[in-house]
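Before any comments, here is the structure.
The values are calculated or read from the model by the stated rules, or taken from the named source; none is laboratory data. Keep in mind the model is a prediction, meaning the values are calculated, not measured. Backbone-built Cβ (ideal geometry, glycine too); neighbour counts: all protein chains shown. To get the accessible areas, we keep the full protein, side chains included, count just its heavy atoms, and leave off ligands, DNA and RNA. Shrake-Rupley method; radii C 1.70, N 1.55, O 1.52, S 1.80 Å.
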Amino acid sequence: DFRTGYSTSEGRDIVRLNASGSKDYGFNPGGNAEITIYCMLVQPDGRILIGGSEGHHLDRLNVNGSQDGTFSNNVNGDVYSMALADNGQIYIGGDFTQVHGTYRQRLARINDNGTLDTTFPGLAIDGKIYLVSMRPDGKILIGGQFQNVGGQPQGRMALINPDGTVDPDFNPN
């Protein structure tokens with residue numbers, strides 16, 4: 001269990017709690033999580049992805065809380081939501097326009113090391129994404145303050161195929 005905004009004398013932005021609710025002193029981010037945290041995702045190996053604003057916008061901590069220096073985290077805006085695909089790739093949604101200097105408007109797929117997966121295309125999305133969720137069929141459900149995705153009217157929800165195209169049959173009205 002993780003908590004943000006937890007009162008600590010160490011000035012950390014994130015702590016891990018034991019099952020009893022007590023602070024896990026073995027988890028030590030050392031002040032590395034210097035962002036406003038909007039979302040977190042624990043990977044199968046126990047590393048923790050953190051999305052938010054300020055600082056790096058996207059970061060990863062090792063199991064013990066230390067910053068993962070192997071993770072490349074070059075996103076130019078807020079990350080509000082993340083989802084993990086079965087193959088280990090990570091979908092991020094938010095209010096950004098670039099990942100590693102490449103145009104990706106509010107939705108991107110990144111590899112496990114944080115680099116951009118350039119095989120997933122950049123879609124023109126005209127508003128913030130607050131929800132990214134994987135469906136069992138591999139499609140990605142997104143929700144937020146947008147009206148258009150990839151030039152198609154979507155009205156705050158859209159379904160994205162694994163190849164990055166918009167599912168034209170999805171219409172939540």
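Quick rundown of the values:
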item	result
Residue 98 crowded, with 16+ Cβ neighbours inside 10 Å, closer than 17 Å to residue 56 by Cβ and among the polar types (S, T, N, Q)	yes
Number of the condition not met by residue 137 [criteria: (1) among the acidic types (Asp, Glu); (2) open to solvent by less than 20 Å² (accessible area, probe 1.4 Å); (3) within 15 Å of residue 159 (Cα to Cα)]	(2)
Pairs where the first residue, in region 109-130, is among the aromatic types (Phe, Trp, Tyr) and the second is open to solvent by 50 Å² or more (accessible area, probe 1.4 Å), C-beta under 9 Å, 6+ apart	120/162; 120/163; 130/38; 130/145
Residue 155 vs. criteria open to solvent by less than 30 Å² (accessible area, probe 1.4 Å) and without any contact (Cβ under 8 Å) to a residue 40 or more places away in the chain	no
